[in-house]
4 protein chains.
Amino acid sequence: MGSAMARRLLQAGHRVTVYNRTATRAEPLVAEGAVLAASPARAADNEAVITMLADDPAVEVLVCGKDGVADGLPRGATHLTTSTMSVALTDRLTDLHVAKGQIHVSAPVLGRPPAAAAGELFVMAAGAPTEVERMRPVLNAFGQRVFVIGTRPSQANLLKLCANFLIYSTVEQLGEVFALVEKGDIDRAVALQMLTESFFNAPVHKNYGQLILERNFDPPGANVVLGAKDIRLVLQAGQDLSVPLPFASIVRDRFLASIARGESDLDFTAIARRAAEDGGLKT
Amino acid sequence: MGSAMARRLLQAGHRVTVYNRTATRAEPLVAEGAVLAASPARAADNEAVITMLADDPAVEVLVCGKDGVADGLPRGATHLTTSTMSVALTDRLTDLHVAKGQIHVSAPVLGRPPAAAAGELFVMAAGAPTEVERMRPVLNAFGQRVFVIGTRPSQANLLKLCANFLIYSTVEQLGEVFALVEKGDIDRAVALQMLTESFFNAPVHKNYGQLILERNFDPPGANVVLGAKDIRLVLQAGQDLSVPLPFASIVRDRFLASIARGESDLDFTAIARRAAEDGGLKT
Amino acid sequence: MGSAMARRLLQAGHRVTVYNRTATRAEPLVAEGAVLAASPARAADNEAVITMLADDPAVEVLVCGKDGVADGLPRGATHLTTSTMSVALTDRLTDLHVAKGQIHVSAPVLGRPPAAAAGELFVMAAGAPTEVERMRPVLNAFGQRVFVIGTRPSQANLLKLCANFLIYSTVEQLGEVFALVEKGDIDRAVALQMLTESFFNAPVHKNYGQLILERNFDPPGANVVLGAKDIRLVLQAGQDLSVPLPFASIVRDRFLASIARGESDLDFTAIARRAAEDGGLKT
Amino acid sequence: MGSAMARRLLQAGHRVTVYNRTATRAEPLVAEGAVLAASPARAADNEAVITMLADDPAVEVLVCGKDGVADGLPRGATHLTTSTMSVALTDRLTDLHVAKGQIHVSAPVLGRPPAAAAGELFVMAAGAPTEVERMRPVLNAFGQRVFVIGTRPSQANLLKLCANFLIYSTVEQLGEVFALVEKGDIDRAVALQMLTESFFNAPVHKNYGQLILERNFDPPGANVVLGAKDIRLVLQAGQDLSVPLPFASIVRDRFLASIARGESDLDFTAIARRAAEDGGLKT
């Protein structure tokens, strides 16, 4: 995902410095004009630095660790975080950057790497309004739409977690429907067509419905472990804000059961198997 | 709903006989050319009869009762059921009609009365293929699309219940999301716009999301009691087919809590209040 | 169960007339002094009649059907219902008996057949206070304790359903605990001993905990289908009174999943397998 | 709790050194013969040190922080942890002590301070068998029973979390039952008596049932925040071991809703209000 975003920036004419723990991963970008930095701190020694990482621990090490982003970023420069990370960590990064006289804008994205490569991500941005505006040319490079969510960076992350929750809970909805129609001897493809050509015609219904229909779980787009991580962050946000989320709890249990059954490396839509199994169906 | 459907048939040039327990309700249709029947049996004494009723007991009385549809329908004629009724009752009607040499086609519809009036319902049809085809001109009169679901009439009803389950569980999804974003100080309208202009842009998201956003629960489109009835039928179908449906159980509890709090006559989207209340928000 | 109760009455010196759809089943009781009746109506033609049946439909046929209990019971005589049946049916029977000038006392029991044979059941009685008192010698014949619950017969049934709900939900509690300790490499027997010799030392913990520990599901004491019926009645009562019961919904799903997996004839404690399976354990 | 345990040790003739962040809290114990230490490290500079603290962060600071227990404990000496803390932290402490040549025995306890004062706690002990045995005189000073759970210290903590889960989920069971019987016009006291004098007569039923019956939530024995913390640790253990715990998720939501409604400082049995409220009852 990070590569695709960096490439979009190069294509848009920005000067881009890149860093990856595995330097060889950055080679194609260097061939396209990017400069390779020796450390996160060096990469951050610019007008702005963008991070795109897998999870909270990766962000924390790279930003707060030795030779990390926070060490290298100049006063007045901007850290644009785009990872799906926790609200709590986002707030801690904001505090850290404020303390160092740096700017923090958060802009997590909705979409998979091919959408990034095509500049078709949906971007949720939050931070000080003038700073968000200053980042807009960057965000437009990989996003088809930029939605401004609020003035506290972590608000964008909270909404991003909500979007992911909607994705996972839609998979559960469809899993329950598929189990019911299959036991009622209805052709699942007929059922999905009817639903996705009437009231339920969003990408979230069509794309994931098709994967579940085809039981197309391997190789994964995003795997079960990643989904389990996301839903944990959703529930963590709910806990920190004292908001019970019963659907999220059920989805969490589906992910845990999938991991317990050895499906960690399948596509996350494999959690739809659980409703089928509970109904006594082969999966 | 029945009026709107009958009017579409008249407009399409069909001869239409109508019956309503409250005869005055049928007067506008009579003014437009329909013939008023004195009983369901008389209304059924035709090539085909269509029933559109609120719930199982209403269907059972009107079809199986004295001077009911089953009494009046000639051998070889067709009963087209369009109500959202239980799989079990649909199966019993099929058996009854078979025993009497009558035809049963089931064709529940997705959409509200204005869609019926505009001929824009989505129709799920099931029954013997030749009989479903024979009904197609009728179905086309009020439906923008006719999906053929299977050969057993009740299969259409099972899928219709699944569609309603998707509607109600989407309301719960959005209710949880709204509670979370509101406690996170995000403008709910901003959140809804972002979601419905990216991956979650189906009518089910937009229409019900807007009602929840505006807390526009009175007067109801369809009320809480009707929703509670539907989700009960979904769970009943799950029970009869031995399929656990955890999301449906949660939605059922939301409906029961709404009824217990005196919200029976509000729009069913009022169940989104429950997630907000559990999060300590004013609703 | 009915036999054991009748035998206790004979042993206490009561005159007893018996009826069973399968007459041979009543033979041992006849050998012990009971009189065999040819129909429920004949059996009911006495000062009082006691019914103990498996479920609502069995009660309805035997009481309200042709030559049923309600036909034979004299005015002023008492129908003592002891089955675990629905609140709704119990209310209907009360209305029926009132209309016929008969008395209705409800007295469902807690305990299995051996407890009945030993006179050690726990009895929940409800009805008009003087009528409940008049039945006390009968209730004392098979019960170690008689608790008077209320003046409306169905109140006893509601509490009986609550007791059964506590049993089934305790099985789920223990199932979750066993799954967790087993995956934590704790000896399940050690865990059960610790729990049942400290705060959790009720019969409901000890008896069912032991069955789950030993995976002793066959032959059943009471089977999965019976448990599924009970929990359905609990949820039905919750629906009629508008009370959401989230634990009951989860237990219902466990029963449905057990039925879907072919475990209908196992002891109902087999639903504890579900938590283990969800945790990836062999069961 | 810690005071009561220390007093029992003094009474049993042990030499006791005490430490509390608020030194005045330790004064009564000093008056009874204990020696006051100036830091956790000083308190730990003995044959064995016992810690009893509120939560994971408190343990972590006191054990691993500067002048902490781990700094002061001699090689070969034993750290006996008795707090209800996470499995993960317990494992980390074990690793830490092993690395320093120290012994770690874990022995969380079931019971409230008065039980500790009377020497009537239930103790769950885990660790190397010889080390657990060497601690037995200490454990016997405040425990009526010592159960040996396993050889890995954290196993005792996992079982302790299970016991707490059983307590909280029993409160939810009873809350649902009370809501149902109250709406069925049954006297709640009658219902509780019947249940706790038949199959459901464990301390967990009687003690907490009484508190819920009397709506006796203030002052708290242990408050809602503490319960919320415990159930979070249970779910965390379930996540780390990949075991879905649907009852625990529901209980978690009850705690969050109670916190959201401003009930943080009430007794944790106040979560029984949620089922009542969902049923439309005053609480």
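The values are calculated or read from the model by the stated rules, or taken from the named source; none is laboratory data. Fair warning: this is a prediction, and the values are worked out from it, not measured in the lab. Note: ideal-geometry Cβ built from the backbone for every residue, glycine included; neighbour counts use all protein chains shown.
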Out of (1) at pLDDT 95 or above; (2) within 19 Å of A:Pro244 (Cβ to Cβ); (3) not in a helix (DSSP H, G or I), the one B:Arg252 does not meet is (3)
Residues in the stretch C:258-283 that are crowded, with 24+ Cβ neighbours inside 10 Å and farther than 17 Å from C:Gly221 by Cβ total 4
Residue hits (the stretch D:195-225; out of contact with any Gly (no Cβ under 9 Å at 6 or more places or on another chain) and closer than 28 Å to B:Ile259 by Cβ) are D:Gly209, D:Leu213, D:Arg215, D:Phe217, D:Val224
Flagged in the stretch D:223-249 as surrounded by fewer than 23 Cβ atoms within 10 Å (Cβ to Cβ), over 16 Å from D:Thr84 (Cβ atoms) and in contact (Cβ under 8 Å) with a residue 24 or more places away in the chain, in numbering order, are D:Asp240
Scanning the stretch A:230-247 residue by residue, those away from chain C (no Cβ under 12 Å), touching an Asp or Glu at 6+ places or on another chain (Cβ under 7 Å) and in a helix (DSSP H, G or I) turn out to be A:Phe247
Reported set for the stretch B:34-63 where residues are more than 27 Å from B:Asn223 (Cα to Cα), surrounded by 14 or more Cβ atoms within 10 Å (Cβ to Cβ) and out of contact with any Asp or Glu (no Cβ under 7 Å at 6 or more places or on another chain) is B:Ala34, B:Val35, B:Leu36, B:Ala37, B:Arg42, B:Ala43, B:Ala44, B:Asp45, B:Asn46, B:Ala48, B:Val49
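Can you say whether C:Ala141 is within 19 Å of the chain's Cα centre (by Cα), surrounded by fewer than 23 Cβ atoms within 10 Å (Cβ to Cβ), modelled with pLDDT of 95 or more and more than 9 Å from chain D (Cβ to nearest Cβ), as far as the supplied structure shows? Working first, answer last.
Details: within 19 Å of the chain's Cα centre (by Cα): yes; surrounded by fewer than 23 Cβ atoms within 10 Å (Cβ to Cβ): yes; modelled with pLDDT of 95 or more: yes; more than 9 Å from chain D (Cβ to nearest Cβ): yes.
In short, yes.
Return the only residue of C:Glu172, C:Glu131 being closer than 22 Å to C:Val63 by Cα, of a type in the set (Asp, Glu), at pLDDT 95 or above and assigned to a helix (DSSP H, G or I). Outline the logic, then answer.
Working: C:Glu172 fails: closer than 22 Å to C:Val63 by Cα.
Answer to the selection: C:Glu131.
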Counting only residues in the stretch B:11-67 that are over 19 Å from B:Pro153 (Cβ atoms), among the hydroxyl-bearing types (Ser, Thr, Tyr) and at pLDDT 95 or above, the one nearest to the chain's Cα centre (by Cα) is identified as B:Tyr19
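If I go through the stretch B:256-276 residue by residue, how many of them are of a type outside the set (Gly, Ala, Ser), more than 7 Å from every other protein chain (Cβ to nearest Cβ) and either without any contact (Cβ under 8 Å) to a residue 40 or more places away in the chain or part of a loop (DSSP other than H, G, I, E, B) (or both)? Lay out the reasoning, then the answer.
Taking the stretch B:256-276 as the starting set, the residues that turn out to be of a type outside the set (Gly, Ala, Ser) are B:256, B:259, B:261, B:263, B:265-269, B:271, B:273-274.
Retained after the next criterion (residues that are more than 7 Å from every other protein chain (Cβ to nearest Cβ)): B:263, B:265-269, B:271, B:273-274.
Next cut, either without any contact (Cβ under 8 Å) to a residue 40 or more places away in the chain or part of a loop (DSSP other than H, G, I, E, B) (or both) only: B:263, B:265-266.
Matching residues across the stretch B:256-276 total 3.
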Within the stretch A:199-222, restricting to residues that are surrounded by 20 or more Cβ atoms within 10 Å (Cβ to Cβ) and touching an Asp or Glu at 6+ places or on another chain (Cβ under 6 Å), the one that is modelled with the highest pLDDT is A:Phe217
Residue pairs qualifying under the 8 Å Cβ cut-off, at least six apart or on distinct chains, with the first in the stretch A:1-23 being without any contact (Cβ under 8 Å) to a residue 60 or more places away in the chain and the second being of a type in the set (Ser, Thr, Tyr) and outside any helix (DSSP H, G or I), are A:Tyr19/A:Ser39
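Here is a list: A:Phe147, A:Phe165. Which entry is at the interface with chain B (Cβ under 9 Å from one of its Cβ atoms), under 25 Å from the mean Cα position of the chain (by Cα), among the aromatic types (Phe, Trp, Tyr) and surrounded by fewer than 24 Cβ atoms within 10 Å (Cβ to Cβ)?
Values: A:Phe165 fails: surrounded by fewer than 24 Cβ atoms within 10 Å (Cβ to Cβ).
None of the other options fit; the residue is A:Phe147.
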D:Gly238 vs (1) farther than 17 Å from A:Arg232 by Cα; (2) under 20 Å from the mean Cα position of the chain (by Cα): all pass except (1)
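Does B:Ala237 satisfy the criteria of being farther than 30 Å from C:Arg261 by Cα and among the small types (Gly, Ala, Ser)?
Details: farther than 30 Å from C:Arg261 by Cα: no; among the small types (Gly, Ala, Ser): yes.
When the stated conditions are applied, B:Ala237 does not pass them.
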Reported set for the stretch C:176-197 where residues are out of contact with any Phe, Trp or Tyr (no Cβ under 9 Å at 6 or more places or on another chain) and either aromatic (Phe, Trp, Tyr) or outside any loop (DSSP other than H, G, I, E, B) (or both) is C:Phe178, C:Ala179, C:Val181, C:Glu182, C:Lys183, C:Ala189, C:Leu195, C:Thr196
Considering the stretch D:108-138, residues that are in contact with a helix residue (DSSP H, G or I) (Cβ under 6 Å, 6 or more places away or on another chain) and within 16 Å of D:Ala4 (Cα to Cα), and then whichever is surrounded by the fewest Cβ atoms within 10 Å (Cβ to Cβ), we arrive at D:Pro113
(1) closer than 27 Å to A:Ala189 by Cα; (2) among the β-branched types (Val, Ile, Thr); (3) in a helix (DSSP H, G or I) all hold for B:Val146 apart from (3)
Restricting attention to the stretch D:168-190, the residues that are at the interface with chain C (Cβ under 7 Å from one of its Cβ atoms) and in contact (Cβ under 8 Å) with a residue 12 or more places away in the chain number exactly 7
Residue hits (the stretch A:15-38; acidic (Asp, Glu) and over 21 Å from A:Ala54 (Cβ atoms)) are A:Glu32
For the stretch A:25-37, pairs from a residue that is of a type in the set (D, E, K, R) to a residue that is not in a loop (DSSP other than H, G, I, E, B), with Cβ under 7 Å and 6 or more apart or across chains, are A:Glu32/A:Arg7; A:Glu32/A:Leu10
Within the stretch C:150-162, restricting to residues that are more than 8 Å from chain D (Cβ to nearest Cβ) and within 12 Å of D:Val190 (Cβ to Cβ), the one that is surrounded by the fewest Cβ atoms within 10 Å (Cβ to Cβ) is C:Thr151
Here the qualifying pairs (Cβ atoms under 6 Å; residues six or more apart or on different chains; first in the stretch A:191-219 and facing another protein chain (nearest Cβ under 7 Å); second polar (S, T, N, Q)) come out as A:Ala202/B:Asn201; A:Val204/A:Thr170; A:His205/A:Thr196
